[in-house]
Structure formats: C-alpha cells, structure tokens
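Worksheet for the structure shown next.
The values are calculated or read from the model by the stated rules, or taken from the named source; none is laboratory data. Bear in mind the structure is a predicted one, so any value in this text is a computation, not a measurement. So basically every Cβ, Gly included, is an ideal-geometry build from the backbone, and we count neighbours across all protein chains shown.
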Amino acid sequence: MHDSGKPPVKIIESSAPEAHKTHLKRRPVPRQTEISEFRRYVVMTAMALGGFAIGVTEFVSMGLLSAIAQDFSISEDKAGLIITIYALGVVVGAPLITAFTGSIPRRRLLLILVAFFVVGNGLSAFANSYEVLLLARFIAGLPHGAYFSVAGLAAASMAPESQRGRAIAYVGMGLSIGTVAGVPAAQALGDAYGWSTSYVLVAFLGALTLLGLWFLMPHMTEMKPTSPLTELSALKNSQVWLTLAIGSIGFGGMFAVYTYISWTMTEQAGMSSSLIWIVLMAYGVGMILGNYVGGRIADWNVDRGILLALICIVLALIGFYFTSNNAIAGTINFGVVGFFGSTLIPSLQIRLMDVAGRAQTLAASLNQSALNIGNALGAAIGGVVISAGYSYSTPALAGAGLAIVAICVWFPMVGLRKK
C-alpha cells in the first residue's frame, strides 16, 4: 500500500437513537402573534372548557349535600360548609394569586392554575373524611377567580382590538353552558353512582383542559410580566374601585331573586317543585345569550354598555315582581333577568382592563371577587325582605333598588374618568 497524500476519509455513522430523539422532539410553542385565526378560536375553546368545568364544580355541590351528609354522618347545614369553603377559596385565591404571580408567563400560569383545579377536584372525589373534603374544596376554589382573570385577559390579548369583548364573552360562555348543561349531567351521574363521581367528571374535564392548553396555547408575548407592587397599584385607582362597586351592587340585584326562586315559583306562582329545573334552565339559557350579546355591546361602547345593562336589569327585576304570580310569565321573565345580568359582565371586565394600566390581572381577578360579593349581598338583602314579612316576589324590587344604586355610582365614575 502507498500513501496517496489525501487525508483519510472519516466515516460518520448515524445514530438511530439520536434520529429517534429528533422525531420525538416537541414542536416549539409559537408566539401569540404567529397563530392563525382558527387556532385562536381553538385555544379560546380550550379555555372555555376550563370555565365549563369550573361552572360544574361550583354549582353541582349544592345538589350533592344530602348524599355527602349521609356518607359522613353529618348534618346538612354542616355539609353546606363545603359551599362556603369553596367560595372562600375563590375570594382569597383570586387577588393573592394574581398579585404575586405577575412575573410568571401567562401560558405557564394558566397551566398551573388548571393543574391545581384538577388536584382539588381529584382530592374531592377520593376524600375519605369530611375534613379532607373541606380542604379539597378550598384547593379547588383557589384557582377559580385567577383562572377567569388570566384566561379572559389572554383571550382579549390574542383578539383584534375591536373584538376584545367578544373574546372575553367566548371564554366566559363555558361557565354559562356549564351551569345549564354540565351541572344537571354531573348531578345525574352523582345520583346514579355516588356523589364522588361528579367530582371525578370535573377532574377529567380539567385534565382535558390542561392537555388542550399544553399543546395549543401560544406564548403570550404581548402580555408583559409585572411585579407584585405593579399589580397592587390597582388598589390605589379610584376607577378600579368604582367599577368593582358597580359589579358587586348591580349584579347583587339578580341574586336577591335567584336565591329564593324555588320558593317564589312554588309559593307565588303555584308551580310544582318538580318543574323548578325548567325555571333554572330558562335563567341559564338567558345567561348564555346575554353573555354573547354583552360581548358585542362591550366592543361597541364599554361605559354605555354598563349603563344600558343596569337599566335593563332594573326593568327586568320590576317586571319579574309583577309576573312572578304566573308560572309561564315568571319563568320567561326570570330568563330575561339572567340575560341582562350576563350582558353586564364583559363590559365590566373590559373596563377594568382599560383603567387598571399594567395591573390588569389583579383588577380582572377582583371582578370575580366583586361578583361573588354581589351574590352574597343580594341573597342577604333578599333574606331580610322576606324575614320582614314581605312576599317572595318582593326581593325583586330590592334587587331593582340595588341596580339603581349601581346606576347612581355610574355617573360619577364616568365623570371622574373624563376629567
């Protein structure tokens, strides 16, 4: 052999395992500015599924109290604490989580929140004692308000400027549909196979949401990170507080009626208690339609949209007072109350985004707390009216009075912003 003077040829062998790794590598997650219109709607649908699951877990517990009380050998009023502890989780979790997670990318934060939701409901399903169930319901409630805040802001951030209201309404639609369709299905499942299966269903829906967001949600590069001090600056903003006041007072008027609707329709309208589900269904359908229309109203004009919704709530509640003695008219009017109540929410959310500056996440989450305060306020005032000896229809007038107070708050709120 002789040396030709050429350098030796280096033979490179391909490694099958390395090639295999290349094929298994996950595609890079795109930025929100790089996704198509179709993918944007798919992502919003995944976020709406999360809202659907939250709607089911929030309301189905009410129908499971008897079975839970029997299983743990406790009284029904003690079992009712699981409703209270969930609401406490919502009120506490919403501001705390959003205030101190501003530096976490929004995509990652949504995944963490859904994971907590799955853990809380999974723990609820397998709770072997009353104390464990209370802890589980508290954990399940913690991400509730923060989820709707971050999901709503993410939907608005991905949408064109003129479609922000519709984007928020689309995500919020999941909660409305959950109360109408998901709760009865989960209730039937719990009645047939035990109350824990209802929470298994909710945990499964949460897991589906988690998978959907993991594979489809883009990096929210247009949603800049914030610090706790930045988020807490929302608490110094009078426009934020005035907007929250309108939400808690104006929305509370509806729950002055909703809380006592079973007694109103059975005692006043002579309706059979077995048909109350029709009344609640009418309210739920009204909420779904109102949420859709409310998104379009918010895109038209936020401040005027809030005023229009409040005026319509007043008229609907007064109308319910006069029609609640008739089963058919009362049911239809109750659906109208749900419709106009839901039209208020997208405009409130958009307004908080606009006035909160960089503290949008905390402000939006406080909206969830304000609406829950409205629920409690309306129920309490309705109870005072009934305890005073008035009819079950009269809380509707008290609710209309709350909405009128909210209208009185609207005028200085808008006037101060213009200044």
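See the values below:
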read-out: The listed residue being surrounded by 23 or more Cβ atoms within 10 Å (Cβ to Cβ), under 27 Å from K78 (Cα atoms) and not aromatic (F, W, Y), out of A136, A185, A151; value: A136
read-out: Verdict on L213 being buried (at least 21 other Cβ atoms within 10 Å of the Cβ) and either outside the structural domain of A140 (by TED's automatic domain parsing) or touching a residue at least 12 places away in the same chain (Cβ under 8 Å) (or both); value: yes
read-out: Cross-chain or 6+ apart pairs with Cβ under 8 Å, the range 70-82 first and touching a residue at least 60 places away in the same chain (Cβ under 8 Å), then surrounded by fewer than 16 Cβ atoms within 10 Å (Cβ to Cβ); value: F72/S129
read-out: All positions within the range 233-260 that are part of a loop (DSSP other than H, G, I, E, B), crowded, with 18+ Cβ neighbours inside 10 Å and over 21 Å from the mean Cα position of the chain (by Cα); value: Y260
read-out: Complete set of residues in the range 69-92 that are small (G, A, S) and surrounded by fewer than 15 Cβ atoms within 10 Å (Cβ to Cβ); value: S73, S75
read-out: Answer from T179, T197, T230 - the residue that is touching a Gly at 6+ places or on another chain (Cβ under 9 Å), part of a helix (DSSP H, G or I) and surrounded by fewer than 18 Cβ atoms within 10 Å (Cβ to Cβ); value: T197
read-out: Qualifying residue in the range 299-313 (condition: surrounded by fewer than 22 Cβ atoms within 10 Å (Cβ to Cβ) and outside any helix (DSSP H, G or I)); value: yes
read-out: P225 vs. criteria modelled with pLDDT under 90 and assigned to a helix (DSSP H, G or I); value: no
read-out: Selected residue (only one of A136, A146 is touching a helix residue (DSSP H, G or I) at 6+ places or on another chain (Cβ under 7 Å), within 18 Å of V56 (Cα to Cα) and modelled with pLDDT under 95); value: A146
read-out: Unmet requirement for I74, which otherwise passes all of (1) among the aliphatic types (A, V, I, L, M); (2) at pLDDT 85 or above; (3) assigned to a helix (DSSP H, G or I); value: (3)
read-out: Residue within the range 390-397 that is in contact (Cβ under 8 Å) with a residue 24 or more places away in the chain, assigned to a helix (DSSP H, G or I) and of a type in the set (S, T, N, Q) present; value: no
read-out: Among (1) of a type in the set (G, A, S); (2) assigned to a loop (DSSP other than H, G, I, E, B); (3) within 30 Å of S272 (Cα to Cα), the one test that G330 misses; value: (2)
read-out: Criterion (modelled with pLDDT under 95, surrounded by fewer than 24 Cβ atoms within 10 Å (Cβ to Cβ) and out of contact with any Lys or Arg (no Cβ under 9 Å at 6 or more places or on another chain)) met by exactly one of I381, I404; value: I381
read-out: Number of the exception - V385 against (1) within 27 Å of the chain's Cα centre (by Cα); (2) more than 16 Å from D303 (Cβ to Cβ); value: (1)
